[in-house]
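Trainee: Below: one structure in structure tokens.
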Amino acid sequence: MTIDIAITPRLDRPRRRPNGLIAICVVLLAAVVFLAFFGRLVSPYDPGQQDLGLGLSGPSAAHLFGTDALGRDILSRLLAGTASAVAGPLTIAVGSLLIGSILGLIAGYRGGVIDAIIMRTADLVFSLPGTLVIIVVAGAFGGGYWLAVALLVVLTVPADIRLVRGAVLEQVPRPYVEAAKSIGVSDLRVMIWHIGPNVAPVAIANLSIQFAGALVALAGLSFLGLGVPPGTADWGLMVAEGRSLLFVNPVAVLAPAVLIVVTATIVSILGDWGYERLSSKGATR
């Protein structure tokens, strides 16, 4: 006697696999991170070494990207400049994420006077002309890379507060929050362990946007002379220094500009992909 057994197909959600674009972005981001730590070690020349006898020259076998007006190797300066291009924006994005998430959680969950104080302060900071504030403060204190980073953290936090607060306000009325309160779970635990994971996808996706924005902002400040000191290997400063070389050695100005754009783009793409992954996990939790 034959017994037919019906095999029920699995209804699990199929695991998404990174497509070609995501794989390329991951590889490029890994290369940027590697160069941020070891850029100076893999540079063919000392980034600050000058060869006044050679001076300005175009790409060659000895100098693949050519040299600048002081005879410094462009490729070596690009590799070494990755550190300042990544460290500051990462500090800004992570600092803003942590401060903004904490204040946004408190404002959205507690409400009332606490919410009003936090949000009116955030609105005040948000209304300030950020670029003008940085130019005035950095000019008054003599500029400096980390001063610019600290100012950008302060000016970026209000956007994270607003975003996280809005996400928290959406979660607070939901049954799982009411259930946690009804069994005596503390407010701190509700915010961190219950609401926090559900607003994390939005905050993490915004992290990538803040990183990209901070990368461009710091490069712009270096371009204006308010970031890293003159002579430092930095992508934004290299764009400023290479303007006069555009028709002699265009690589000197185009290469750092392209790296700024490409790095900001791949971080934004990966942030969007990460948001989709985290959101899909949250929906099935």
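Trainee: Taking segment 62-96 as the search range and keeping residues that are hydroxyl-bearing (Ser, Thr, Tyr) and closer than 24 Å to residue 146 by Cα, which one is farthest from the chain's Cα centre (by Cα)?
Mentor: 76
Trainee: Looking at the structure I just gave you, is residue 143 over 20 Å from the mean Cα position of the chain (by Cα), farther than 25 Å from residue 198 by Cα and not polar (S, T, N, Q)?
Mentor: Yes.
Trainee: To continue, here is another question. Which of the residues spanning segment 219-263 are within 30 Å of residue 201 (Cβ to Cβ), crowded, with 20+ Cβ neighbours inside 10 Å and aliphatic (A, V, I, L, M)?
Mentor: 219, 259, 260, listed by residue number.
Trainee: I'd like to verify a number: residues in segment 64-76 that are assigned to a helix (DSSP H, G or I) and not small (Gly, Ala, Ser), how many?
Mentor: 2
Trainee: Considering only segment 229-250, I want to know if a residue exists there that is more than 26 Å from residue 154 (Cβ to Cβ), of a type in the set (Gly, Ala, Ser), out of contact with any Cys (no Cβ under 9 Å at 6 or more places or on another chain) and at pLDDT 90 or above.
Mentor: There is no residue in segment 229-250 that is more than 26 Å from residue 154 (Cβ to Cβ), of a type in the set (Gly, Ala, Ser), out of contact with any Cys (no Cβ under 9 Å at 6 or more places or on another chain) and at pLDDT 90 or above.
Trainee: Need pairs with beta-carbon distance below 7 Å; first residue acidic (Asp, Glu) and within segment 70-81, second in a strand (DSSP E or B) and surrounded by 24 or more Cβ atoms within 10 Å (Cβ to Cβ); sequence gap 6+ or separate chains.
Mentor: 73/67
Trainee: Tell me the helices (runs of 4 or more DSSP H) entirely within segment 89-192 that contain at least 1 residues that are of a type in the set (A, V, I, L, M, F, W, C), in contact (Cβ under 8 Å) with a residue 60 or more places away in the chain and on the phi < 0 side of the Ramachandran plot.
Mentor: Those helices (runs of 4 or more DSSP H) span 130-140, 145-171.
Trainee: Related question: Run residue 73 past the list (1) surrounded by 18 or more Cβ atoms within 10 Å (Cβ to Cβ); (2) touching a helix residue (DSSP H, G or I) at 6+ places or on another chain (Cβ under 7 Å) and report the number of the one that doesn't hold.
Mentor: Status for residue 73: all satisfied but (2).
Trainee: Give the residues of segment 131-170 that are more than 30 Å from residue 83 (Cα to Cα), surrounded by 18 or more Cβ atoms within 10 Å (Cβ to Cβ) and not basic (Lys, Arg), sorted by residue number.
Mentor: 167, 168
Trainee: Of the numbered conditions (1) surrounded by 16 or more Cβ atoms within 10 Å (Cβ to Cβ); (2) within 29 Å of residue 171 (Cβ to Cβ); (3) of a type outside the set (Ser, Thr, Tyr); (4) at pLDDT below 90, residue 65 satisfies every one except a single condition; which is it?
Mentor: Every listed condition holds for residue 65 apart from (2).
Trainee: Could you tell me whether residue 107 is modelled with pLDDT under 95 and touching an Asp or Glu at 6+ places or on another chain (Cβ under 6 Å)?
Mentor: Yes, satisfied.
Trainee: Also, I was wondering about something else. When the residues of segment 35-61 are filtered to those that are of a type in the set (A, V, I, L, M, F, W, C) and surrounded by 13 or more Cβ atoms within 10 Å (Cβ to Cβ), which remaining residue is farthest from the chain's Cα centre (by Cα)?
Mentor: 54
Trainee: Out of curiosity, is residue 82 farther than 26 Å from residue 32 by Cα and among the polar types (S, T, N, Q)?
Mentor: no
Trainee: Out of 21, 79, which single residue is within 30 Å of residue 152 (Cα to Cα), at pLDDT 85 or above and assigned to a helix (DSSP H, G or I)?
Mentor: 79
Trainee: Determine whether segment 276-283 contains at least one residue that is part of a loop (DSSP other than H, G, I, E, B) and touching a helix residue (DSSP H, G or I) at 6+ places or on another chain (Cβ under 8 Å).
Mentor: no
The values are calculated or read from the model by the stated rules, or taken from the named source; none is laboratory data. Bear in mind the structure is a predicted one, so any value in this text is a computation, not a measurement. Using ideal geometry, Cβ is built from the backbone for each residue, glycine included, and neighbour counts are taken over all protein chains shown.
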